[in-house]
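Asks: To start, I am sharing the structure in question, which I have written as structure tokens.
The values are calculated or read from the model by the stated rules, or taken from the named source; none is laboratory data. In this text, all values refer to a predicted model and were calculated from it rather than measured experimentally. Cβ coordinates were reconstructed from backbone atoms using ideal geometry, including for glycine residues, and neighbour counts include every protein chain displayed. Accessible surface is based on the protein model in full, side chains and every heavy atom, while ligands, DNA and RNA are left aside. Shrake-Rupley method; radii C 1.70, N 1.55, O 1.52, S 1.80 Å.
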There are 2 protein chains.
Amino acid sequence: MKIAKCIQLALILMCASSLGSTVRTQEATPAVRAPGQFNLMPVPASVQTQAGRLAITSTFSVATKNYSDDRLRAGIVRMIKRLAGRTVLTLPADLISDESAGVLVVQCDGPGEAIPSVTENETYSLEISDKQARLIAPTVVGALRGLETFLQLLQGDRDGYYLPGVKIQDQPRFPWRGLLIDVGRHYEPVEVLKRNLDAMAAVKLNVFHWHLTEDQGFRVESKKFPKLHSMGSDDLFYTQDQVRDIIAYARDRGIRVMPEFDIPGHSTSWLVGYPELGSAPGPYKIERGAGIFEPALDPTREQTYKFLDAFIGEMASLFPDTYLHIGGDENEGKQWDRNPQIQAFMKTKGIKDNHALQAYFNQRLLKILQKHGKKMIGWDEILHADLPKDAVIHSWRGQAALAEAARKGYNGILSNGYYIDLMFPAAQHYRADPFPADSPLTPEEAKHVLGGEATMWGEWVSPETIDSRIWPRTAAIAERLWSPRDVTDVNDMYRRLSVISQQLEELGLTHEKNFGMMLRRLANSDNTAPLRTLSSILEPVKEYRRYQMRPQTMLSPLTGLVDAAQPDSEAARQFASIVDGFISDAPRFALYRQNINDTLIQWRIAGVALGPMIDRSPALEEARPLATNLSDIAQAGLEAMTYLSAGDAATTQWRDTQLAKLDEAAKPKAALEFGVVGNVRKLVIAAAELSELKSTTPVEWKKRITTLATPAPKQ
Amino acid sequence: MKIAKCIQLALILMCASSLGSTVRTQEATPAVRAPGQFNLMPVPASVQTQAGRLAITSTFSVATKNYSDDRLRAGIVRMIKRLAGRTVLTLPADLISDESAGVLVVQCDGPGEAIPSVTENETYSLEISDKQARLIAPTVVGALRGLETFLQLLQGDRDGYYLPGVKIQDQPRFPWRGLLIDVGRHYEPVEVLKRNLDAMAAVKLNVFHWHLTEDQGFRVESKKFPKLHSMGSDDLFYTQDQVRDIIAYARDRGIRVMPEFDIPGHSTSWLVGYPELGSAPGPYKIERGAGIFEPALDPTREQTYKFLDAFIGEMASLFPDTYLHIGGDENEGKQWDRNPQIQAFMKTKGIKDNHALQAYFNQRLLKILQKHGKKMIGWDEILHADLPKDAVIHSWRGQAALAEAARKGYNGILSNGYYIDLMFPAAQHYRADPFPADSPLTPEEAKHVLGGEATMWGEWVSPETIDSRIWPRTAAIAERLWSPRDVTDVNDMYRRLSVISQQLEELGLTHEKNFGMMLRRLANSDNTAPLRTLSSILEPVKEYRRYQMRPQTMLSPLTGLVDAAQPDSEAARQFASIVDGFISDAPRFALYRQNINDTLIQWRIAGVALGPMIDRSPALEEARPLATNLSDIAQAGLEAMTYLSAGDAATTQWRDTQLAKLDEAAKPKAALEFGVVGNVRKLVIAAAELSELKSTTPVEWKKRITTLATPAPKQ
């Protein structure tokens, strides 16, 4: 499901985000897990520290015990390579057979399932002592998970690299932890998918949901119906060899590859080559816009099912996963309404509306899937009385819908709350739980909640930007799906997220390094300092507002400032934290004073420097009002700091002038918005409320400031 | 040729670099070419400005006239995509047929050669007026060259993007302009090669010399002798499908792909699977070290030639280029000396030494190449009385050897001066000319000088670092090989190089963006500022000293500080420039004073901050002495600035103490050396010589400082 229902979804998300967020972030994490000194993500089920440290030197070696195979050995070799990369040590690449000589012993009992599956055992334990590290797992996949934990434990000090003494017992909370990548709207080359599979493995995700077809592109080679990819893809599709290559690459990392062929809607690209399958005569052209489009397969003609039987048969033998995702979302049925033959069919069969017609279609489709040995998964919309119990409901609607399905006996996975294309901060995704503490489900029913998937919808991502839209935020979702429910400390999550984000770079991920590159191109210069300052506190607008504010097509360049800017601004989070400390330090106002002043001065300098830069770079013209806003924000903040530092209350007139400027600055421009306006607003209000400080406690005063600085909810 | 003769080569290079460098860099460039406001690289043969400017807006369109084909259309679409990326404009991707409506008209007369060849016509002309740009070329390849020039002309100001009015007539000075990439020592994935082919096309290089086999790896699939790649490559090889893909990709960009199979030496990896071809019994293992190794094919056995006949036959049909490079270098013949059968063979045949034996081998090899329709090219060593005149000499020895071959009627190309793995600055490569003004060759003889190739030998490059070793310096070599001989202004070259370097990033090149990523990994932190300051003025040691100072194997991680540091430090060049300005401003010493002080203070702060950073990151331990040096350099500089600013002469005792510290700092550590010591030395000496300023002119005084600051040549 995508775009449509966006308002509905946005409302759900906004409610979720306003629910007790501050309370939850302050929940304590049990000491047995993730002691502060570790950078483990996702946090294991159980972590106990113990004495000792295991030195990592150039004599590092790995021995395997009991079971070993090519997949395990390749996984160990990849781990050693990353360990060598971080430590700059030349490490022996060959495994040894003498268990007692291994610095790390990997003791594995068997291969696990031949084809990665939702029932795979991913358990492992890892014990590290002075002498040796011992990783024990029933399956190769469990061992691969443990190897990632092993790498995350690496630390360094004056005595060299080491792993701390620790006993870890770990297994996932949910068996289905996925990332959807939509390659329909924008094609992503094989190497982009591979590096994202590496990143998924690093945070223990185990399902790559490959959204292969869309109105805007049909991305997989069909030998049976070659016009699907040859006419529906602008020649940007995966050959079957490439598909097999990706599946093998994913399997090597213990990741399932589940394909999605979204029907009956979202199918314009199918109809370019095969208009006879459509519910209107055609001809059809590859869709270039964003939104919901009318084309839909004709569910009333036998030809459609004959085609699907052959096509699904071909794909079923290409993709070994048990599940095949049929989408099923956002078909509004407008083509059906206008087609007399379809209307006549419905009358004859007693099909009362389009929902029922789609249910009929799904029933026929289900039989085709069953014939080819696949189980069905689809979005909420597929839930219907006749749906067999081995189908899986993929919920964009939320936990309640998921619980409802579970009570009816259906397995389900959650994506509501994990729509990473909406540009919400990691903290918000982190709070979404597929099976929250207040769920009405019995433990038996709750077993139907299999997990969840982050969804990277592809309207506004290119190979250059997609990593920064997926990472690092998806690591927080990965933790939600793997770690115990009570691991909810947002501050600690962000601390670890920043470490993990950087480690993802060693796998080739570009989420961090492409930021500077994109700024250099925009500025047409190596000197991007002011632009970097500006964009570091900007975030792309949330939800689906980008397209409304700044319409583009699928053929537009994704090289603007909104594409360079990253969601979940770390600089804004840091600013919030120091402003909070500063206000809490009333009436002294010394804590972080210098830091805040330096930051504001940097903004003011950037605001001034941006003008000439924009003059030279018309691509930045849309950022000109943002540069003005930046100067205003800095000025308001600096004046407030002057009042507060001097202990001088500002006038209400001054305050109102500043707040008006800040209101202006808070309005999104160029599909970007500042992440710091609220905290400068706090400073301004604090300056104006300084005289109140005499008649109340600092704690009460701070509460007052916070309340006054919070904008009234919009009607 | 590689590694061996390194001392000899280093000497030649050092001589070349000391020859009148300052004189040449000050040569004026004729006004007709590369007027200061343009960023063209390579500089075209003729550029005339004219009135007007052509606006680039979202209505941009391209029409083709006369001849058009898939290659031309794909090239135009790629150009439009980059233009869109830079301007953030949604540009129509489809070409139009109405010539008068085209903002750019590409008028091409024919396809050019079916297989890119050394005789390809690459001429084009480009005229830009207010109304239209017109690109005229006899061949598609000429048009592709012109499209790159078109893109380089893009500028922006407050009125938007535009191209300036200009008339360009252009063709290359040399027909053979290559880049060798050695994938034998370290394998480079297909996407690395592709992005480098894109970069080559951007600077009009036209030969990708694919050095496919080495002692350390056999990188191409052989269906006839599968043990070559399966046993000789650690499974890191190109399938024949991938080879064809690369060849097509290169051809699309007007680039030849010339394979090299280096024999009879450099062949250990061949012998792992086929030890019977060796001159010693074996068994052989893939070589992991750097250097020259003994294994060589046995030139005395018919079996060797039978094998080569079949192998070359297979490769000749895989690679369409006319030329096949047989290497032929660095075979010291030690295995031959020790093999009684070979010695007996030489006696029987009257072959007097190993050089003659290799000539015999080459003669036999030549017949095999001829049989399969290929011309031979090899390093200097292959030059021999019996060599046919259509062979090409690839000279590592230098212009004199090239001239010698030319006088004998052999075509030749130059790589001496273009060894980019030696870490010399771009300016030095820029000065090396295949056919210098003082060449003894007649114009007729000079036609045998076909051009040159930059050589990226692969001992110390990984997919992560290779781009930064090739780019941007190779763009300066590309200019040397394309532009007229008298385009020699080094300062202007560097100005344009910096612009072009940034444009290469849009093609996916990582030479700039991986720097920050590697520092983050080394520091294990996002906060890399002090490390960035340090490494920005460090350069990897030149020539072949890295291996001597910091031995590694082919299996070692290339993730150390020496791998992150970039050759040809721009920060060091800038520091040299401001110190020169400051000294020239004697006795006022105001110019750049603040700038120099700020820089020195930044170094001192970094020197201090590095200690705790290194404590946390043992991988940086080798940089600890460099951090100390940095503090010393900064301190010496700051004290000198204090003397100079105050007009106070420093004592000789102070001077000697500082110079001793600087001498210590000048010693390479961790295979890195500072690029700024010489200029801080200047400041120190200037401070000590301040009293001399009263008795001489500022100009004389500056000369004296420069002389005193230049270290005596080593014995």
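Asks: When region A:500-521 is examined, which residues are found to be facing chain B (nearest Cβ under 9 Å), in a loop (DSSP other than H, G, I, E, B) and more than 30 Å from B:Gly156 (Cβ to Cβ)?
Replies: A:Glu506, A:Gly508
Asks: Follow-up. Considering only residues of region A:34-50 that are in a loop (DSSP other than H, G, I, E, B) and open to solvent by 30 Å² or more (accessible area, probe 1.4 Å), which is modelled with the highest pLDDT?
Replies: So in region A:34-50, the residues in a loop (DSSP other than H, G, I, E, B) come out as A:34-45.
Cutting the leftovers down to open to solvent by 30 Å² or more (accessible area, probe 1.4 Å) gives us A:36-37, A:39.
Numbers: A:Gly36: 58, A:Gln37: 68, A:Asn39: 95.
Residue satisfying both the conditions and the ranking: A:Asn39.
Asks: All but one of (1) more than 25 Å from A:Glu512 (Cα to Cα); (2) within 22 Å of the chain's Cα centre (by Cα); (3) hydroxyl-bearing (Ser, Thr, Tyr) hold for A:Tyr418; state the number of the condition that does not hold.
Replies: Only one criterion is unmet by A:Tyr418, namely (1).
Asks: Would you mind telling me which numbered condition in (1) outside any helix (DSSP H, G or I); (2) within 14 Å of chain A (Cβ to nearest Cβ); (3) farther than 30 Å from A:Arg495 by Cα B:Leu497 fails?
Replies: B:Leu497 satisfies every listed condition except (1).
Asks: Same structure, new question: Could you tell me which of the residues A:Ser501, A:Ser483 is under 23 Å from A:Glu188 (Cβ atoms), at pLDDT 95 or above and small (Gly, Ala, Ser)?
Replies: Answer to the check: A:Ser501.
Asks: Then there's this: Which ones in region B:261-297 are more than 27 Å from B:Tyr323 (Cβ to Cβ), hydrophobic (A, V, I, L, M, F, W, C) and outside any loop (DSSP other than H, G, I, E, B)?
Replies: B:Val272
Asks: May I pose another question? Within region A:96-115, is there a residue that is surrounded by fewer than 21 Cβ atoms within 10 Å (Cβ to Cβ), in a loop (DSSP other than H, G, I, E, B) and within 14 Å of chain B (Cβ to nearest Cβ)?
Replies: no
Asks: State all residues of region A:341-360 that are assigned to a helix (DSSP H, G or I), aliphatic (A, V, I, L, M), at pLDDT 95 or above and open to solvent by 20 Å² or more (accessible area, probe 1.4 Å); if no residue qualifies, say none.
Replies: A:Ala344, the sole residue that qualifies.
Asks: Among the residues of region A:172-204, write down those that are among the basic types (Lys, Arg) and in a helix (DSSP H, G or I).
Replies: A:Lys194, A:Arg195
Asks: Which one of these is of a type in the set (Asp, Glu) and either in contact with a Lys or Arg (Cβ under 8 Å, 6 or more places away or on another chain) or at pLDDT below 95 (or both): B:Glu221, B:Glu260, B:Glu287, B:Glu294?
Replies: So the residue among B:Glu221, B:Glu260, B:Glu287, B:Glu294 that is of a type in the set (Asp, Glu) and either in contact with a Lys or Arg (Cβ under 8 Å, 6 or more places away or on another chain) or at pLDDT below 95 (or both) is B:Glu294.
Asks: Would you point out the residue of region A:553-583, among those that are within 14 Å of chain B (Cβ to nearest Cβ), outside any helix (DSSP H, G or I) and not hydroxyl-bearing (Ser, Thr, Tyr), that is surrounded by the fewest Cβ atoms within 10 Å (Cβ to Cβ)?
Replies: Selected residue: A:Leu555.
Asks: Moving on. Return the residues of region A:89-114 that are free of Cβ contacts under 8 Å to residues at least 40 places away in the same chain and touching a Leu at 6+ places or on another chain (Cβ under 8 Å); say none if nothing qualifies.
Replies: Selection gives A:Thr90, A:Leu91, A:Ala93.
Asks: Test B:Leu72 against the criterion of being more than 9 Å from chain A (Cβ to nearest Cβ), open to solvent by less than 60 Å² (accessible area, probe 1.4 Å), touching a residue at least 60 places away in the same chain (Cβ under 8 Å) and of a type outside the set (Asp, Glu), and give yes or no.
Replies: yes
Asks: For region A:595-648, which residues satisfy the criterion of being away from chain B (no Cβ under 14 Å), open to solvent by less than 60 Å² (accessible area, probe 1.4 Å) and not in a helix (DSSP H, G or I)?
Replies: A:Gly647
Asks: Determine whether A:Arg473 is within 14 Å of chain B (Cβ to nearest Cβ) and among the basic types (Lys, Arg). Working first, answer last.
Replies: Working: within 14 Å of chain B (Cβ to nearest Cβ): no; among the basic types (Lys, Arg): yes.
For A:Arg473, the condition - within 14 Å of chain B (Cβ to nearest Cβ) and among the basic types (Lys, Arg) - is not met.
Asks: Return yes when B:Arg550 is surrounded by fewer than 18 Cβ atoms within 10 Å (Cβ to Cβ), within 22 Å of B:Ile470 (Cβ to Cβ) and within 13 Å of chain A (Cβ to nearest Cβ) and no when it is not.
Replies: Working: surrounded by fewer than 18 Cβ atoms within 10 Å (Cβ to Cβ): no; within 22 Å of B:Ile470 (Cβ to Cβ): yes; within 13 Å of chain A (Cβ to nearest Cβ): yes.
Here the answer is no, as B:Arg550 does not meet what is asked.
Asks: Just to be sure I understand the filter: pairs with C-beta atoms under 7 Å, separated by 6 or more residues or on different chains, first member in region B:51-67 and at pLDDT below 95, second member not in a strand (DSSP E or B). Which pairs pass?
Replies: Within 7 Å, the pairs are B:Gly52/B:Ser129; B:Gly52/B:Asp130.
Asks: Please list, ordered by first then second residue, the pairs with beta carbon atoms under 7 Å, 6 or more apart or interchain, first in region A:522-545 and away from chain B (no Cβ under 14 Å), second in a loop (DSSP other than H, G, I, E, B) and at pLDDT below 95.
Replies: Once the first residue is away from chain B (no Cβ under 14 Å) and sits in region A:522-545, its partners that are in a loop (DSSP other than H, G, I, E, B) and at pLDDT below 95 give A:Tyr544/A:Ile3.
Asks: Could you tell me which numbered condition A:Glu214 fails, if it satisfies all but one of (1) acidic (Asp, Glu); (2) within 18 Å of the chain's Cα centre (by Cα); (3) open to solvent by less than 10 Å² (accessible area, probe 1.4 Å)?
Replies: So the condition that A:Glu214 fails would be (2).
Asks: Pick out the one residue from A:Leu126, A:Leu83, A:Leu151 that is crowded, with 17+ Cβ neighbours inside 10 Å, touching a Lys or Arg at 6+ places or on another chain (Cβ under 8 Å) and within 14 Å of chain B (Cβ to nearest Cβ).
Replies: Within the list A:Leu126, A:Leu83, A:Leu151, the selection yields A:Leu151.
Asks: Give just the number: which of (1) out of contact with any strand residue (DSSP E or B) (no Cβ under 8 Å at 6 or more places or on another chain); (2) touching a residue at least 12 places away in the same chain (Cβ under 8 Å) does A:Val699 not satisfy?
Replies: (2)
Asks: Just checking, how many residues over region A:664-715 are among the charged types (D, E, K, R) and more than 27 Å from A:Gly647 (Cβ to Cβ)?
Replies: Number satisfying all stated conditions: 5.
Asks: Can you find, within region A:157-171, the residue that is farthest from A:Pro484 (Cα to Cα) among those that are within 14 Å of another protein chain (Cβ to nearest Cβ) and part of a strand (DSSP E or B)? Before you say what the answer is, go through the steps one by one.
Replies: Filtering region A:157-171 for residues within 14 Å of another protein chain (Cβ to nearest Cβ) gives A:157-163.
Okay, now just the ones that are also part of a strand (DSSP E or B), so A:157, A:160-163.
On the way: A:Asp157: 31, A:Gly160: 33, A:Tyr161: 30, A:Tyr162: 27, A:Leu163: 24 Å.
So, considering only residues that are within 14 Å of another protein chain (Cβ to nearest Cβ) and part of a strand (DSSP E or B), the one farthest from A:Pro484 (Cα to Cα) is A:Gly160.
Asks: Look at region A:115-171 and say how many of its residues are at positive phi and of a type in the set (Ser, Thr, Tyr).
Replies: Here the count works out to 0.
Asks: Does region B:154-184 hold any residues that are more than 30 Å from B:Val392 (Cβ to Cβ) and surrounded by fewer than 22 Cβ atoms within 10 Å (Cβ to Cβ), and which are they?
Replies: Those that are more than 30 Å from B:Val392 (Cβ to Cβ) and surrounded by fewer than 22 Cβ atoms within 10 Å (Cβ to Cβ): B:Leu154, B:Gln155, B:Gly156, B:Asp157, B:Arg158, B:Asp159, B:Gly160, B:Tyr162, B:Pro164, B:Gly165, B:Lys167.
Asks: Exactly one condition in (1) more than 11 Å from chain A (Cβ to nearest Cβ); (2) within 18 Å of the chain's Cα centre (by Cα) is not met by B:Val487; state its number.
Replies: For B:Val487, the failing item is (2).
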